[in-house]
Amino acid sequence: MNKKRFLLLASMLLIVALVAVGCGTAAAPTPTPAPAQPAASTDLTAKVDALQKAMDVQTKIINPSTSTVMMEYNTRFASTWYAAQAQNWDLAKFEVEEMGGVQAVAENTRPKRAAALQAFKKASLEPLAAAVEKKDKAAFEATYDKTIAACNACHVSSDKKFIKIQRPTQAPASSVDYAGQK
Ligand code: HEC
């Protein structure tokens with residue numbers, strides 16, 4: 001074998017070897033994937049779960065219950081009546097809007113009541129707000145009575161039949177002049 005042929009053969013062998021190494025790298029088995037839940041992250045998940053549970057308990061204890069929210073709901077609803085009687089439609093509007101805010105609290109603190117409260121808002125609070133907007137006392141009173149019926153219907157379906165709402169016969173606060181400031 002002369003030198004030229006030897007060099008040719010050697011470089012061909014080198015190319016073959018390089019290709020083989022290249023293919024080898026490409027075909028190398030992919031590393032085993034890391035386990036989906038390595039130990040450290042399992043610990044973290046358990047900690048987050050425990051924290052979530054603790055927060056749920058706090059939410060229940062610290063935040064107002066349905067009953068607390070209902071007391072405010074009740075006062076604002078009665079105030080709406082007296083505001084309408086005094087034709088103070090701005091106050092009536094304010095109270096109905098605040099009722100929406102108050103119920104949002106209960107929707108968050110007592111999520112199991114959220115659907116029923118939202119249904120009540122749509123079927124009762126929104127028509128009540130519309131009646132207030134019209135500034136028509138007779139229309140307002142008719143809608144108010146329908147709303148009372150809806151309050152009581154929810155008390156029945158919530159196993160609270162003993163809580164019965166009616167038209168108020170006394171203003172919730174003697175310190176408030178429901179006619180407002182002229
Ligand atoms: C989504 C259902 C629902 C609707 C709508 C509803 N209530 Fe209630 N209400 C309840 C439940 C449930 C309770 C009992 C609270 C509890 O179990 O802690 C309650 C309790 C009350 C209480 C008694 C609170 C107490 O602790 O003494 C009053 C007053 C009250 N509601 C007024 C009203 C008025 C006024 C309306 C309508 C404007 C109304 N509620 C609409 C579900 C509802």
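Coordinate-derived values only; no laboratory data. Note that the structure is a prediction, hence the values are computed from the model and not measured. Here the Cβ is made from the backbone with ideal geometry for all residues, glycine too, and neighbour counts use every protein chain on show.
Mind checking whether some residue in the range 133-140 is over 19 Å from residue 153 (Cβ atoms), within 14 Å of the ligand (Cβ to nearest atom) and without any contact (Cβ under 8 Å) to a residue 40 or more places away in the chain? The answer is no; no qualifying residue exists. Just to verify a result, which residue in the range 143-162, among those that are among the small types (Gly, Ala, Ser) and outside any loop (DSSP other than H, G, I, E, B), is farthest from residue 116 (Cα to Cα)? Per the stated criteria, the residue is 149.
Can you tell me which of 123, 78 is at negative phi and out of contact with any Pro (no Cβ under 9 Å at 6 or more places or on another chain)? Exactly one residue qualifies, and that residue is 123. Of note, residue 84 does not satisfy the criterion of being within 13 Å of the chain's Cα centre (by Cα) and surrounded by 18 or more Cβ atoms within 10 Å (Cβ to Cβ).
The residues of the range 141-154 that are more than 9 Å from the ligand (Cβ to nearest atom) and of a type outside the set (Gly, Ala, Ser), listed by number, are 141, 143, 144, 145, 146.
Taking the conditions (1) within 11 Å of the ligand (Cβ to nearest atom); (2) surrounded by fewer than 12 Cβ atoms within 10 Å (Cβ to Cβ); (3) in a loop (DSSP other than H, G, I, E, B) in turn, residue 165 satisfies each one other than (2). Flag set for residue 157, criterion: within 11 Å of the ligand (Cβ to nearest atom), closer than 30 Å to residue 57 by Cα and hydroxyl-bearing (Ser, Thr, Tyr).
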